[in-house]
Each structure stands twice: as C-alpha cells, then as structure tokens.
1. Compare Thr209, Thr132, Thr168 in a GNM of the chain, Cα atoms joined below 10 Å, and give the one with the largest fluctuation.
2. On the accessible surface of the chain, probed at 1.4 Å, how many percent belong to carbon and sulfur atoms?
3. From the backbone phi of the stretch 153-161, what are the Karplus-calculated ³J(HN,Hα) couplings (6.51 cos²θ - 1.76 cosθ + 1.60, θ = phi - 60°) in whole Hz, Gly and Pro given as x?
4. Scan around Arg187 for amide H atoms under 5 Å from its own, H built in the peptide plane at 1.01 Å from N, and keep only partners 5 or more places away or cross-chain.
5. Pick from Val244, Val332, Val260: which residue has the top mean-square fluctuation in a GNM of the chain where Cα pairs under 10 Å get a spring?
6. How much length would be gained if the chain were fully extended between Ala278 and Leu199, taking 0.36 nm per residue of separation minus their Cα-Cα distance, in nm to one decimal?
7. What is the pair-distance distribution P(r) of the stretch 123-262, computed from all Cα-Cα distances in 10 Å bins starting at 0, with each bin given as a whole percent?
8. Quick one: which residues, 5+ away or cross-chain, put their amide H under 5 Å from the amide H of Leu353? H built at 1.01 Å from N.
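The values are calculated or read from the model by the stated rules, or taken from the named source; none is laboratory data. These numbers come from a predicted model, not from an experiment. Backbone-built Cβ (ideal geometry, glycine too); neighbour counts: all protein chains shown. Heavy atoms of the whole protein, side chains included, go into the accessibility calculation; ligands, DNA and RNA do not. Shrake-Rupley method; radii C 1.70, N 1.55, O 1.52, S 1.80 Å.
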Amino acid sequence: MNVRRAFRVAVLAGDGVGPEVTREAVHVLSEVLHAAGHAVECTEALIGGAAIDATGEPFPPATREAVRHADAVLLGAVGGAKWNTQPPTLRPEAGLLALRKALGTFANLRPVRTLPAMVDATPLRPEIVRDTDILFVRELTGGAYFGAKSRVADATGGEVATDDWRYTTAEIERVVRIAGSLARVRRGHVTSVDKANVLATSQLWRDVTTRVLREEFADVTLVHAYVDAFAMQLLREPRAYDVVVTENLFGDILTDEAAVLAGSIGLLPSASLGAERADGTRVGLYEPIHGSAPDIAGRDIANPIGAIASVGLMLRYSLGLPALADEVDAAVQAALASRARTRDLVTADEVSLGTRAMGAAVRACVGAVALER
Ligand code: IPM
Ligand code: MG
C-alpha cells in the first residue's frame, strides 16, 4: 500500500494509569492510520513523576526536544502521592504545565456528551442529561496557573501567599476566536463564563469576548454567565449549552463537574491547541481529562476511552484527517452501544472489561465502521 503521509507522534505516558490508557490509544491510532495507508512513528518520552524519578525533573530537556519535533503529542496522566511532598516546581503537575507552556497550547477543548448508551451510567436523571452535547473551551496558558507566585513569612509569625491572576487582551482574543469558530460549525451559540461582578480579569474577559464575538462572529450568539450560577445551571439544564468558553481555573473546575454528565470522567478526551500551521492544522497536545488514578494503576481496570477519544481529536485537529477522526468516534460509540464496559461504567450486575479488552473492543468496531463506508 502507498504510504500517503508519515506522522510523528510523541507519547508521554506519565504516571499511574497513564501508560495503560495511552498504550490502548496508540494501538487505535496506529491501526486507523495504517489502514488508511499512512505511516506513524510514536516516540516515547518522560513526563511527570516518571520523569522526576528518572532525571530529577518533571519536564526534562529530552522531552522538550521530542515534543518540538512531533506532529502531535499524546499524554496519559501525571501525579501521585509519592511526589506530593516535592517543592511545587518539582511536582509532576509542574511538568504538565511546563509542557503546555512550551507547546503554547492556549485553547483546551473538552467535549462533554451524554451518549445514548451512557444515560443510565450518570447519577443524574435521564431526562436532564439526555442529548447533552457541550464543548468546553478552557484557556490553558494564562490566569492564576501561570502568574507569579509567592509564599513568605509575614510580621505576625504566619505566612502570606499570593498567586498573580492576570490576562491580557491578546490572550483572551485568541481563545475566544477558537470558541467562536467552533460554535460556527456546531449550534452557533457561545456561553462565556466569568466572575465579572468581582474580578478585574473577568471584566476584561467580558469586554473582549463581547467585542470579538460582535465584530468577527456576528452569526454566533453570545451569553455571559457568572461562574457560580453557571456551575448550578450546568447540572439543571445541560442541554442549554453549546460552546462554553472560560478562563483556566474556572475551566479546570467546571470540566470535572461536567464529567458527571457524560457518565464517567474516564470517557472524556481533550485537545489542547496552539498556533495554526500553514496547512490549517494546529500544534496539539491530546490527553484524557482523568488523572493518574494511582489507586487503580497497573491493574488493567482503567477506562481507556478518554485516551482513545483523544486520539480521535488528534486526527481531527493536528493530523488533518477528519474522516479518520469520525471513524474513531463512531467506533467508541459502537463499542459502548454493544455494552462493552469498563469497571467505572457497569451497574452492579454487569460484567466489566479490563483496559486491554476495552481497547480491543473499540478496535474491533473501528474495523467494522471502516468496512461499512
Ligand atoms: C487538568 C488537571 C491539571 C490542571 C493538573 C494535573 C495540573 O487537573 O488537566 O484538568 O489543573 O490543569
Ligand atoms: Mg483538572
């Protein structure tokens, strides 16, 4: 078969269940690409606690090099109790933040859908969650996460700590443009979440969002919401939302909350996008939303769907292969519809599949979906 294109993907498995779920995702990625006549070279590199153990740093220079030369980066998860006593800059999480910064991935896309097969897996009432389809766009390289931090003794014998929470006009504009263009190919609606009744950063956020949407996306409707009220409405009426754009910390919190709507956080993928390349694709970092889950690591029980669906997003946004992305999405849905279930998704009387078996179930469906076309 002719090799049509050759892709380089950096795989940063990380800690906990990271290696198990990325292994299944890489399997799906290679199979889908090879079946379509493409070549792919996956290079493994260290991140997080695994990198600290091997090199003393959570984001070592060799990893920085590996991701710089890759067409896309797949990440598992970072973190674990073992490294929690490290100073903040030497924790596994610092490696992930440094990676995001190095790649310039400022827009974090976190799609949250309640698939028909999953309606019963959520703790919420079916009539509330059914047909939920929200795309969160979380700003990822600014805000309190990246501002200057300090912690010093004060005159009382205690300490004082600060996190500088700042946003520039340009940082807000670029992520809002991503939200606007994604809304255009969805249902044409953007909700911008802030705390403009209290925070200066949110007042700027609101002004810039209003202007960008009005001037550049007149066909897209925009509604502003305060983060506290939004957190409640999200669970009361999730179908009211299409694209939700928000700053870094709010997005971190709200997307974990939103995971409840999908049935399990183990199902959810994410794409972190940076600069646009000449061919219209973007630099991208792809990772499941779930963490390293050290309590279940190494036991072949973690759900690989979040990682596998992240590969779907990679095909769409960084490899420029939307038809193959659709194939992966359809395969995930078909596997779930056939009642393939990992432990996080089963009800008491159902048998669950391990990580490997769930990966195999999705791969079996990829073949079937491709044959139908
Ligand atoms: C996430 C995670 C990270 C974040 C942590 C691990 C630093 O919670 O990707 O949502 O806060 O961004
Ligand atoms: Mg988080």
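1. Of Thr209, Thr132, Thr168, the Gaussian network model singles out Thr168 as fluctuating most.
2. On the way: 8840 of 16110 Å².
After summing per-atom areas, the C and S share lands at 55 percent.
3. So the J values, rounded to whole Hz, are 5, 10, 5, 7, x, x, 10, 10, 10.
4. Here the answer is none, since no amide H 5 or more places off falls under 5 Å of that of Arg187.
5. Judging by the Gaussian network model, the answer is Val260.
6. In short, 24.7 nm is gained.
7. For the stretch 123-262, the binned pair fractions read 11, 39, 30, 13, 5, 1 percent.
8. Arg341, Thr342, Arg343
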